[in-house]
Amino acid sequence: MSGGPDELLTRLRAYEGRAAAVACAGKDPVNVPMIRHWCEAMGDTNPAYAGPDAVAPPTMLQAWTMGGLSGNEGRTTAFDELMALLDEAGCISIVATDCEQEYPRPLRPGDEITFGTVIESVSERKTTKLGTGYFITTRTDVRVGGELAGTHRFRVLKYAPSRGKRRTQRARRPRPVVNRDNAGFWEGVARHRLLIQRCTGCRTLRHPWLPGCNSCGGPEWDTVEASGEGTVYSYVVMHHPPFPAFTESGRAADATGPYAVGLIELAEGVRMVSNVVGVPYDKVRVGLPVRVEFRRYEDADADEDALTLPVFRVTEGEG
Ligand code: ZN
């Protein structure tokens, strides 16, 4: 039987042992600032990572090999070819599954690393909850002056999604986190009313909703209903990562489409983050007049209510 799973496995396994990257050099020597940032991010206060005899945290191993936006020279086409073969076979999805590291020698500030990556193994065809596909393991050997300092094995599952998980419909928007402090806002939205919190002590308006007043510290509040008129105070255009739920159509085919996130200043003076609708993302501008509308998103699972969100429609050019 030609073209079956066995023949595919033979073709995939021809990549075992092939280099994915050859004779790469670290972009920077092992250095104190990167170690310090890592330790702060991880909350790791181990004294071994500071001071004159500092070593780098062993789990930083991969950080020294990262190519950044400009990438690493020395990458071959082997890994991309392997991925393309799997794409053709219907294994169009990928997920990182696990990583194993070994540390034969500590890395110290000043060490200049070199590394190479090999496609170590391709598993037999496996069926998981996500779907059916192949585990691909790459191994990166990190060296200092020819001496092996660390080994980094990285495994991905490249798979054909199981039918039930396929995203053929609109992408699902994330749900707002409703808690005791902001429940009143969302209750208002459900009734198509945009409510602003007001301190009953000093009358200061506030958004987002908070348990106390930033001006006077007072805990008591009531609400005023916003007129819904506002202007675009600021905005950003998100290009990456793609997020189909936030694009106008919400369809996966448009997943690469950028979208604008607006900071809307309401006529009452408070600001809120929302979608600007009615113009393409690249026509959003600071100062554009907008008006609230309550948009229903029909992307909810059958056992949940649809989502209603306040969004802001551009009113400029209206008669
Ligand atoms: Zn107050």
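The values are calculated or read from the model by the stated rules, or taken from the named source; none is laboratory data. Predicted, not measured: the structure shown is a model, and the values here were computed from it. Please note: Cβ atoms are built from the backbone with ideal geometry, for glycine as well, and neighbour counts cover all protein chains shown. Just so you know, the surface numbers come from the protein's heavy atoms only, side chains and all, with ligands and any DNA or RNA stripped out. Shrake-Rupley method; radii C 1.70, N 1.55, O 1.52, S 1.80 Å.
Listed values, structure above:
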{"read-out": "Gain on full stretching of the segment that runs from ALA50 to VAL286 - 0.36 nm per residue minus C-alpha separation", "value": "80.3 nm"}
{"read-out": "Candidates ASP28, ASP111, ASP53: whichever shows maximal mean-square fluctuation once the chain is modelled as a Gaussian network with Cα springs under 10 Å", "value": "ASP53"}
{"read-out": "Amide N of the range 112-133 lying under 19 Å from the label point, which is placed 7 angstrom from the Cα of GLU147 along Cα→Cβ", "value": "112-116"}
{"read-out": "Intensity falloff of the range 5-161 expressed as log10 I(q)/I(0), Debye formula with alpha-carbon point scatterers, at q = 0.09, 0.13, 0.18 Å⁻¹", "value": "-0.35, -0.68, -1.05"}
{"read-out": "Shape metrics for the chain, restricted to C-alpha atoms - Rg then Dmax, Å", "value": "26.6, 80"}
{"read-out": "Surface per residue (accessible, 1.4 Å probe) for the chain, Å²", "value": "57"}
{"read-out": "Estimated [θ] at 222 nm from DSSP helical runs (n ≥ 4, -39500 (n - 2.57)) normalised by residues in the chain, nearest 500", "value": "-3500 deg cm²/dmol"}
{"read-out": "Gain in span if fully extended, THR204 to LEU309, counting 0.36 nm per residue against the direct Cα distance", "value": "35.3 nm"}
{"read-out": "Spread of Cα-to-Cα distances over 10 Å intervals beginning at zero, given as percent, for the range 83-190", "value": "12, 26, 19, 18, 16, 7, 1"}
{"read-out": "Under Karplus coefficients 6.51, -1.76 and 1.60, residue-wise ³J(HN,Hα) of the range 144-149 in Hz, glycine/proline x", "value": "10, x, x, 8, 5, 9"}
{"read-out": "Fully extended contour minus Cα-Cα distance, from MET238 to MET83, at 0.36 nm per residue", "value": "53.1 nm"}
{"read-out": "The range 183-314 - percent of accessible surface contributed by carbon and sulfur, probe 1.4 Å", "value": "52"}
{"read-out": "Distant-in-sequence amide H partners of TRP221 (H built 1.01 Å from N, under 5 Å)", "value": "THR200"}
{"read-out": "Rough spin-label spacing in nm, given labels placed 7 Å along Cα→Cβ, for ALA25 and ARG75", "value": "1.9"}
